[in-house]
Ligand SMILES: Cc1cc2nc3c(=O)[nH]c(=O)nc-3n(C[C@H](O)[C@H](O)[C@H](O)COP(=O)(O)OP(=O)(O)OC[C@H]3O[C@@H](n4cnc5c(N)ncnc54)[C@H](O)[C@@H]3O)c2cc1C
């Protein structure tokens with residue numbers, strides 16, 4: 001283990017700070033609300049305007065963002081260094097500067113393309129996705145295929161150089177604003193469930209696509225239904241081979257687990273809760289002086305730190321080429337459970353002021369914590385529910401017997417997971 | 001640059017695990033804990049042979065010259081194996097000397113502590129659950145100590161005690177006392193964790209030697225204690241999960257192994273989910289002890305609270321998952337349950353450490 005803040009790292013920190021002072025000024029910071037009220041929302045989490053893009057380009061140039069992505073695809077291609085990563089994240093967070101975009105495109109599609117995409121697909125999509133110029137949505141779930149995703153029925157039939165897609169996707173976050181969708185479709189209905197699926201990139205402007213927004217419990221409408229009616233998709237938009245969509249999507253799902261379980265989301269909300277607890281009075285003293293709230297704040301900070309260091313451990317295993325095993329499987333469950341606990345603590349700090357809805361101007365932080373609280377439920381479900389995560393941890397991580405029914409339905413080889 | 005164990009550390013861990021599995025299986029654990037002292041000389045000498053007591057002692061004083069993380073890895077293995085004996089108190093006494101004694105004192109005392117021929121322990125806690133040095137009443141005057149210290153591990157086995165006490169100026173410092181010195185009364189106690197026995201120790205004008213190094217030595221030793229306890233708790237937790245998983249794979253009810261029931265799977269998955277990130281947490285704290293000192297005290301407080309709470313839940317769930325057999329004396333699980341109780345109480349409870357962490361953050 002070697003995380004020493006050797007002089008070179010202190011120097012690096014100073015370098016990052018100097019960069020931030022120069023490139024992300026008070027004016028930049030003031031030009032948009034520092035904390036996005038939908039901080040927990042997937043896909044819309046992080047500021048993405050022109051100022052932010054200009055800043056991100058400079059940050060990539062300097063090697064601070066998208067360090068794992070090759071330069072030729074728009075990343076900064078830096079050697080793996082968890083400490084530098086931590087310093088960057090830390091300093092960017094303190095400066096309220098735009099970090100790496102998170103969301104379906106940068107966090108899920110990009111790693112999938114890096115692993116399975118053709119050179120043309122990489123060139124075409126990665127750079128613009130990292131800068132938020134191409135917005136993506138994830139077309140996996142269907143009305144009849146949620147946890148049991150492999151039972152999906154949206155069909156893609158080959159017609160010359162095109163697939164013709166027909167079906168119905170649901171809960172598709174940001175489909176109304178997305179430029180493209182990465183979707184799982186059934187290309188070989190006669191093959192066993194898992195072998196007949198392919199991974200397709202679909203232009204949302206294609207004729208035959210209808211998007212109908214669905215309103216969430218938060219009152220907003222981020223997710224949608226997507227109807228696909230004879231949508232023609234060039235075969236060059238197939239990622240991986242035909243019939244290998246399930247395997248390809250595995251790598252996406254793994255990244256989704258990491259994305260949703262990432263410590264960053266909880267860290268940001270926890271920063272907010274701490275600030276709130278210092279600023280708000282609760283029965284005649286700052287809320288942070290309440291012994292119970294203090295203890296819970298420390299407890300959750302401890303878990304947020306555990307989650308961060310767990311991330312370092314996973315990155316190290318990855319860099320050493322070792323299989324993280326169960327350590328890699330718990331991230332989503334840990335992170336989302338924690339996200340809920342952190343948001344709920346905010347509600348307790350607010351006490352009766354939690355009754356005020358987002359947008360109410362007299363509400364502390366404009367009511368944004370309610371949104372975070374509700375979203376923390378959404379992410380317990382999205383990307384594989386908590387119970388599905390538990391199944392995965394128990395079966396693949398601990399080697400407990402698979403559910404015989406799920407096994408029969410999916411025809412999966414128990415070892416392949 | 002990485003956040004993982006080195007090849008040497010992994011090798012050391014394996015060696016120690018194998019040694020404990022062979023030399024101190026559960027039958028041996030039980031035999032040793034049933035003795036009056038719970039200290040077995042042969043086992044201790046075996047650990048000394050592996051260099052365990054002196055791992056962190058500087059090489060020039062006869063130790064391994066390693067770091068707290070290495071010592072914590074040993075603590076983890078001893079926790080995993082439920083090993084009885086004076087390791088923890090000895091390790092902390094050693095750290096008191098390393099961090100709090102003068103160079104000359106270190107030269108005198110460390111070599112025998114490193115080789116384990118002189119066993120140490122720490123006398124810190126006082127009545128009223130006072131683990132906070134600011135509130136200690138034991139005092140040093142005219143070359144002697146007076147006062148009462150509670151929950152001193154292996155006081156009746158140790159050769160030397162490292163005592164925290166107030167001096168004439170009112171500052172709390174470390175003092176070294178020989179167990180055979182006059183004016184010491186050791187009260188044996190019936191204790192929950194029979195693998196790590198504790199006693200109350202009374203000092204009445206007991207001759208003592210002040211440690212003449214930096215005053216920060218005491219806090220350093222307390223931080224180290226929190227981290228070592230956390231590592232012990234992790235080792236025990238991991239063992240409990242392993243036992244529960246392997247039981248779930250073999251015990252059959254309703255015509256199938258119980259591990260095929262989703263409720264059981266989910267209970268085990270929840271345990272694993274809590275356990276995995278906790279490993280990185282104490283690794284980090286242990287690493288911070290040597291390399292990121294300004295973060296160490298607060299991290300140590302947080303890991304002590306977090307890991308010992310976790311240990312409690314893990315032993316509880318593992319016991320439940322074993323059904324009736326888990327509730328028996330003959331089945332070994334309760335020995336870890338008992339160690340969890342020790343880890344939670346010794347050095348102060350979780351709430352105390354969380355409050356400390358809050359104050360250290362300036363809240
Ligand atoms: C905010 C949000 C955003 C989303 N965004 C997208 C998106 O962008 N793209 C996309 O494709 N999908 C998206 N989804 C859909 C999400 O992936 C599904 O909702 C999820 O996989 C669950 O499927 P379901 O809704 O059909 O629930 P079901 O599968 O019907 O599950 C209902 C309940 O049954 C439990 N359950 C089901 N099977 C089992 C089992 N084998 N063992 C134990 N319990 C079980 C579940 O845990 C759950 O509690 C989103 C969902 C939400 C909430």
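The values are calculated or read from the model by the stated rules, or taken from the named source; none is laboratory data. This one's a predicted model, so the numbers in the text were calculated from it and none came from an experiment. Cβ: placed from backbone, ideal geometry, glycine included. Neighbour counts: every protein chain shown.
Quick notes on this one:
- Lone unmet requirement of (1) within 14 Å of chain B (Cβ to nearest Cβ); (2) within 16 Å of the ligand (Cβ to nearest atom) for residue A:378: (1)
- Residue match in segment B:70-82 (condition: assigned to a loop (DSSP other than H, G, I, E, B) and on the phi < 0 side of the Ramachandran plot): no
- Any chance residue A:294 is facing chain B (nearest Cβ under 7 Å) and over 30 Å from residue A:387 (Cα atoms): yes
- Filtering A:319, A:306 for residues that are closer than 30 Å to residue A:80 by Cβ, part of a helix (DSSP H, G or I), at the interface with chain B (Cβ under 10 Å from one of its Cβ atoms) and at pLDDT below 85 leaves a single hit, A:319.
- Complete set of residues in segment A:388-400 that are near the ligand (Cβ under 10 Å from one of its atoms) and without any contact (Cβ under 8 Å) to a residue 24 or more places away in the chain: A:391
Let's see how each residue does on (1) in contact with a strand residue (DSSP E or B) (Cβ under 6 Å, 6 or more places away or on another chain); (2) crowded, with 24+ Cβ neighbours inside 10 Å:
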site: B:83; (1), (2): no, yes
site: B:89; (1), (2): yes, yes
site: B:116; (1), (2): no, no
site: B:120; (1), (2): yes, yes
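- In the set (1) within 12 Å of the ligand (Cβ to nearest atom); (2) part of a strand (DSSP E or B); (3) over 20 Å from residue A:106 (Cα atoms), residue A:230 fails one condition alone, (1).
- Sole exception among (1) more than 16 Å from residue B:197 (Cβ to Cβ); (2) away from every other protein chain (no Cβ under 14 Å); (3) within 20 Å of the chain's Cα centre (by Cα) for residue B:11, by number: (3)
- Selection within segment A:162-179 - in a strand (DSSP E or B) and more than 13 Å from the ligand (Cβ to nearest atom): A:162, A:163, A:164, A:165, A:166
- Residue A:218 passes every criterion in (1) more than 14 Å from the ligand (Cβ to nearest atom); (2) modelled with pLDDT under 95 apart from (1).
- Out of B:343, B:309, one residue alone is within 14 Å of another protein chain (Cβ to nearest Cβ) and assigned to a helix (DSSP H, G or I). It is B:309.
- Condition check for residue B:335: touching a residue at least 24 places away in the same chain (Cβ under 8 Å), part of a helix (DSSP H, G or I) and within 12 Å of chain A (Cβ to nearest Cβ): no
- Test: residue in segment A:180-188 that is more than 14 Å from chain B (Cβ to nearest Cβ), in a loop (DSSP other than H, G, I, E, B), more than 13 Å from the ligand (Cβ to nearest atom) and under 30 Å from residue A:358 (Cβ atoms): no
Residues are listed down the side, and each one gets a yes or a no for (1) surrounded by fewer than 16 Cβ atoms within 10 Å (Cβ to Cβ); (2) within 14 Å of another protein chain (Cβ to nearest Cβ); (3) part of a helix (DSSP H, G or I):
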residue	(1), (2), (3)
A:218	no, no, no
A:251	no, no, yes
A:269	no, no, yes
A:301	no, yes, yes
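- Selection within segment A:326-360 - in contact with a helix residue (DSSP H, G or I) (Cβ under 7 Å, 6 or more places away or on another chain), over 17 Å from residue A:377 (Cα atoms) and either within 12 Å of another protein chain (Cβ to nearest Cβ) or part of a helix (DSSP H, G or I) (or both): A:326, A:327, A:328, A:329, A:330, A:349, A:350, A:353
- Matching residues, segment B:281-309, being surrounded by 24 or more Cβ atoms within 10 Å (Cβ to Cβ) and more than 13 Å from residue B:220 (Cα to Cα): B:281, B:282, B:283, B:284, B:287, B:302, B:303, B:304, B:305, B:306, B:307, B:308
- Output for segment B:250-261, where each listed residue is more than 7 Å from every other protein chain (Cβ to nearest Cβ) and in a helix (DSSP H, G or I): B:250, B:258
- Taking the listed residues B:292, B:325, the one that is without any contact (Cβ under 8 Å) to a residue 24 or more places away in the chain, under 27 Å from residue B:55 (Cα atoms) and outside the structural domain of residue B:153 (by TED's automatic domain parsing) is B:292, with no other qualifying.
- Screening A:51, A:4 for residues that are surrounded by fewer than 16 Cβ atoms within 10 Å (Cβ to Cβ) and either in contact with a helix residue (DSSP H, G or I) (Cβ under 6 Å, 6 or more places away or on another chain) or at pLDDT below 70 (or both) leaves exactly one candidate, A:4.
- Within segment A:135-161, the set of residues being crowded, with 17+ Cβ neighbours inside 10 Å and within 9 Å of the ligand (Cβ to nearest atom) comprises A:137, A:138, A:139, A:140, A:141, A:142, A:145, A:146, A:149.
- Note on segment A:100-134: residues that are within 10 Å of the ligand (Cβ to nearest atom) and assigned to a loop (DSSP other than H, G, I, E, B) amount to 1.
- Only one of B:348, B:326 that is at pLDDT 95 or above, on the phi > 0 side of the Ramachandran plot and either part of a helix (DSSP H, G or I) or out of contact with any strand residue (DSSP E or B) (no Cβ under 6 Å at 6 or more places or on another chain) (or both): B:348
- Residues considered: B:225, B:213. Of these, the only one that is in contact with a helix residue (DSSP H, G or I) (Cβ under 6 Å, 6 or more places away or on another chain) and surrounded by fewer than 22 Cβ atoms within 10 Å (Cβ to Cβ) is B:213.
- Looking across segment A:271-291 at every residue that is more than 11 Å from chain B (Cβ to nearest Cβ) and outside any helix (DSSP H, G or I), the one that is surrounded by the fewest Cβ atoms within 10 Å (Cβ to Cβ) is identified as A:284.
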